[in-house]
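One structure is given here, and the rest of the page talks about it.
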Amino acid sequence: MAYVAIADRDHEQHLHDPQTFITKYIWSQDHKVIAIQYSLTAIFVGLVALVLSGMMRLQLAFPDVFSFIAPIEYYQFITMHGMIMVIYLLTALLLGGFGNYLIPLMCGSRDMVFPFMNMLSYWVYLLSVIILLASFFVPGGPTGAGWTLYPPQAITDGTPGAGWGIMLMLASLAVFIVAFTMGGLNYVTTVLQARCRGMTLMRMPLSVWGIFVATVLGLLAFPALFVSAVMMVFDSLLGTSFFMPAILDRGEQTAFDGGSPILFQHLFWFFGHPEVYIVALPAFGIVSDLISTHARKNIFGYRQMVWAIVVIGGLSFIVWAHHMYVSGMNPYFGFFFATTTLIIAVPTAIKVYNWVLTLWRGDIHLTVPMLFSIGFLFTFIHGGLTGLFLGNVVVDLPLSDTYFVVGHFHMVMGISPIMVVFAAIYHWFPKMTGRMFNQTLGKIHFWLTFLGAYSIYLPMHYLGILGVPRRYYSMGTTDFVPESAQAMNIGITYSAILVGVVQLVFLVNIAWSIFRGEKADPNPWKANSLEWQTPDTPPKHGNWGPDLPVVYRWAYDYNVPGAPEDFIPQNTPPDALHPAGRDHGKAH
Amino acid sequence: MSLLRKLTEKPWTTTGQLEELPDPYVIAANTKRTALFVFLGVVSSLFFLFVMAQHQREALPDWQPITALPSILGLNTLLLIGASLAMQYAKAAADGGNLAGLKRGFVAAGLLTAAFLVGQVIGWQQMTATGQVIQVNPANAFFFLLTGAHGLHLVGGLYVWARNSVRVLRGFGQDDADQARELRLSVELCTTYWHYLLLIWLVLLGLLLVT
Ligand code: HEM
Ligand SMILES: [Cu+2]
């Protein structure tokens, strides 16, 4: 077993020490700087996607008021909003951002094992973002095919952006996948080979477990998106018929023949479902650590939590067709995929019980990170339960493509991971910057975001049950949708605008605190994991000063009876607590 | 400790226990090996999905097998097998400290691989010359797609090969054990990668022959 990073070999150390502003902050190979670069870029595109959603909501509430949102734009906004949120914000932020920041610090390494490739990963990611945003400025604008990019319509004239837009989208995705692979190789190898002495696999904090398994999922699932992107480019540019069936375009027979749009759906969802867990598993891991730390209690069922992450990751590869119940599949297939889908609920429920049981009789501190973590429990349980509805074929058929689905997935993979992202930013902000944020503003941010998001998405379930279809520019006059649905749409839009504006509170708080915030204690939450035990705050290049830490215990020794304080950092040797040496198990 | 034992450790009962650290060189070598294996996992996933896509597409009524595979594919396959063997030879030479053999094998492997790639391009030309272009039928499309994807992976391999051949040709001093070890590791990793891409090629070729 291996415990020292390659980067820890002495002669390499001084070579990599950054000297100038440029090597320190721009072409930096330091995982912490790369993490922050990833995060800032992701948050920036995330804000673009947020603005797009605001415009969609305006259109839905006031259908005839905004002349700059025609149906074409609406579809383009939907598509870019969905794709940016899922890939360029959440995946990049949770793995490129938090993965980069936390893995080396929590595992006690100096850096990622291949710092140069890690740096390249960020710059290639930035390139993918630029290509994506460039599609706003090309002839025809960005693609309006929906974030699922289904052919044939994605590359057929008549769909917005069927020429340039979709090609840039596919190119950007391919570039993103290259970036992710370079980062992912680093995350996985660092976890496997660069942990410090004493950091056994089962002593790793759950954040690392979640990020690790999510990265493995990404490495195996993103190739499916890559394959489908390449094949669609072939269909569009070279005239092959992988996905394109014989088709009439304005009365004329096109050259395509015999291709299978369903094949695309299989490939897309073979990526798309694991993608849900690529976003969810890091969130699961992080929230476990935050709940344990802020409730001053060891996580309930640590081993179950690890195994559940692994089992969920494995199962996520055999449920993809639950997104295709309406594609006319063989009923036995539907039965199979409904069964596997419901089986995933078991390890997921175990995790939920364990979070709640960790809180049970804990010494709960309602700090800002804890508020967001508890908020996550609500939204995640909510979204998980509606997922059980949609996992059943007979329930899904009528609800498919309605606002019920929009409500469901925003709860489970939109708002829930966002709650954790906020929790994590507030939690690690003092370590990243050495300063404290303003708690009051943080609490205002939480309550308005949490309640606001709930009042966006809860009513959507009701709209869905009424039959209001998803991806509609406006409802027009539709008999089965009552007038009151429009009133509800207006209410949802007000909440959405509120939630959007409230994010300014967050941005202001962060921006202000970076420069003017109170100096933070190196370990303000009195947490056990290694990142809080660094000699400097924020940690310097190389993280640990001259000597790597040595780990003697897991990360959850909170409120241990007989200990002098209510927490015992992972690098505290047993002798330091019990000079008499009463502790079982001695270092050897 | 086996993986199972590692994953069933009860971390709250093992407080204070520590393991011995292995030699830093072993760690560095294992790190690179791990990264290569993880990367090969990604490559496997990619080709598995390509192959599954072809498998599904085959089931549709308009599918016709390629009428005549380019005749050069047999020769190309021999070239790639040769490249793999040369790599293996280079690795054995490196392990035995035989610098001359290492140079011979490593350079030969790269040249044979380059020849394979040229051969593949000639194969493409043979196809298009007889009118079997990519649009004609889905089997052709998969032929170009899969050979192209495989070829690109070899081009990537050749890039690493080129960087290493500079070091191989420069060689290492008798007393520089560090450099020798590092070189041996690079050759070992190249060998693994080459064998794996040969395996993928054989699978793809098999599929081309049976469909
Ligand atoms: C306040 C925040 C948000 C608002 C107001 C919002 C609003 C919307 C709206 C109005 C739609 C279009 C529904 C339709 O017409 O069918 C949509 C679609 C979508 N949203 Fe969001 N959203 C928000 C955040 C997020 C987040 C954080 C994610 C991350 C997973 C996300 C992922 C998606 C996806 C994947 C779609 C589907 C796009 C498509 O149909 O192609 N959204 N959202
Ligand atoms: Cu799914």
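The values are calculated or read from the model by the stated rules, or taken from the named source; none is laboratory data. This is a predicted model, so every value here is computed, not measured. Quick reminder, even Gly has a Cβ in these numbers, built from the backbone with ideal geometry, and neighbours come from all protein chains shown.
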*Which ones in the range B:54-70 are assigned to a helix (DSSP H, G or I) and either more than 9 Å from chain A (Cβ to nearest Cβ) or free of Cβ contacts under 8 Å to residues at least 60 places away in the same chain (or both)?*
B:54, B:55, B:56, B:58
*Is it true that some residue in the range A:303-319 is more than 16 Å from residue A:219 (Cβ to Cβ) and either within 16 Å of ligand 1 (Cβ to nearest atom) or of a type in the set (Ser, Thr, Tyr) (or both)?*
no
*asked:* Filter the range A:492-513 down to the residues that are surrounded by fewer than 19 Cβ atoms within 10 Å (Cβ to Cβ) and either in contact with a strand residue (DSSP E or B) (Cβ under 6 Å, 6 or more places away or on another chain) or at pLDDT below 95 (or both) and list them by number.
replied: none
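Tell me, yes or no, whether the range B:4-26 has at least one residue that is of a type in the set (Gly, Ala, Ser) and either touching a strand residue (DSSP E or B) at 6+ places or on another chain (Cβ under 9 Å) or within 21 Å of residue A:184 (Cα to Cα) (or both). Steps first, answer last, please.
Just the residues of the range B:4-26 that are of a type in the set (Gly, Ala, Ser), to begin with: B:16.
From what is left, the residues that are either touching a strand residue (DSSP E or B) at 6+ places or on another chain (Cβ under 9 Å) or within 21 Å of residue A:184 (Cα to Cα) (or both) are none.
Among the residues of the range B:4-26, not one is of a type in the set (Gly, Ala, Ser) and either touching a strand residue (DSSP E or B) at 6+ places or on another chain (Cβ under 9 Å) or within 21 Å of residue A:184 (Cα to Cα) (or both), which makes the answer no.
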*Test each condition in (1) assigned to a helix (DSSP H, G or I); (2) farther than 20 Å from residue B:74 by Cα; (3) modelled with pLDDT under 90 for residue B:174 and report the one that comes out false.*
(1)
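Would it be correct to say that residue A:468 is within 14 Å of ligand 1 (Cβ to nearest atom), in the same structural domain as residue A:414 (by TED's automatic domain parsing) and exposed (fewer than 14 other Cβ atoms within 10 Å of the Cβ)?
Working: within 14 Å of ligand 1 (Cβ to nearest atom): yes; in the same structural domain as residue A:414 (by TED's automatic domain parsing): yes; exposed (fewer than 14 other Cβ atoms within 10 Å of the Cβ): no.
No, not satisfied.
For (1) within 14 Å of chain B (Cβ to nearest Cβ); (2) in contact with a helix residue (DSSP H, G or I) (Cβ under 6 Å, 6 or more places away or on another chain); (3) surrounded by fewer than 19 Cβ atoms within 10 Å (Cβ to Cβ), each residue gets a yes or a no:
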| position | (1), (2), (3) |
| --- | --- |
| A:96 | no, yes, no |
| A:117 | yes, yes, yes |
| A:123 | no, no, yes |
| A:150 | no, no, yes |
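Given the criteria away from ligand 1 (no atom under 16 Å from the Cβ), closer than 24 Å to residue A:320 by Cβ and not charged (D, E, K, R), does residue A:398 qualify?
On the way: away from ligand 1 (no atom under 16 Å from the Cβ): yes; closer than 24 Å to residue A:320 by Cβ: yes; not charged (D, E, K, R): yes.
The answer is yes for residue A:398.
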*In the range A:295-403, which helices (runs of 4 or more DSSP H) lie fully inside it and hold 3 or more residues that are within 14 Å of chain B (Cβ to nearest Cβ) and either within 16 Å of ligand 2 (Cβ to nearest atom) or buried (at least 21 other Cβ atoms within 10 Å of the Cβ) (or both)?*
A:302-315
*Which one is farthest from the chain's Cα centre (by Cα) among residues in the range A:16-54 that are within 11 Å of ligand 1 (Cβ to nearest atom) and buried (at least 16 other Cβ atoms within 10 Å of the Cβ)?*
A:54
*Just one of the numbered conditions (1) more than 14 Å from every other protein chain (Cβ to nearest Cβ); (2) not in a helix (DSSP H, G or I) is not true of residue B:89; which one?*
(2)
*Of everything in the range A:256-294 that's farther than 25 Å from residue A:313 by Cβ and crowded, with 23+ Cβ neighbours inside 10 Å, which residue is farthest from ligand 1 (Cβ to nearest atom)?*
A:294
*Of the residues in the range A:433-466, how many are in contact with a Phe, Trp or Tyr (Cβ under 7 Å, 6 or more places away or on another chain) and of a type in the set (A, V, I, L, M, F, W, C)?*
5
*assigned to a loop (DSSP other than H, G, I, E, B) and β-branched (Val, Ile, Thr): does that describe residue B:200?*
no
*Could you grab the pairs with beta carbons closer than 6 Å, sequence gap of 6+ or different chains, first residue in the range A:229-245 and over 16 Å from residue A:165 (Cα atoms) and not assigned by TED's automatic domain parsing to the domain that holds residue A:169, second one assigned to a loop (DSSP other than H, G, I, E, B) and of a type in the set (Phe, Trp, Tyr)?*
A:231/A:242; A:241/A:256; A:244/A:256
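Going by what's in this entry, would residue A:375 be described as within 16 Å of ligand 1 (Cβ to nearest atom), of a type outside the set (D, E, K, R) and farther than 15 Å from residue A:210 by Cβ?
So residue A:375 passes the test.
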*asked:* Of the conditions (1) away from ligand 1 (no atom under 11 Å from the Cβ); (2) in a helix (DSSP H, G or I), residue A:407 satisfies every one except a single condition; which number is it?
replied: (1)
_Residue list for the range A:194-217, restricted to those being away from chain B (no Cβ under 11 Å) and small (Gly, Ala, Ser)_ = A:207, A:210, A:214
*Matching residues, the range A:247-265, being at the interface with chain B (Cβ under 9 Å from one of its Cβ atoms) and either within 13 Å of ligand 2 (Cβ to nearest atom) or touching an Asp or Glu at 6+ places or on another chain (Cβ under 9 Å) (or both)*: A:257, A:258, A:259
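Output the residues belonging to the range A:501-559 that are in a loop (DSSP other than H, G, I, E, B), within 14 Å of another protein chain (Cβ to nearest Cβ) and over 24 Å from the mean Cα position of the chain (by Cα).
Of all residues in the range A:501-559, those in a loop (DSSP other than H, G, I, E, B) come to A:517-518, A:520-529, A:534-549, A:551-557, A:559.
Now drop any that are not within 14 Å of another protein chain (Cβ to nearest Cβ), which leaves A:528-529, A:547-549, A:551-557, A:559.
Correct list: A:528, A:547, A:548, A:549, A:551, A:552, A:553, A:554, A:556, A:557, A:559.
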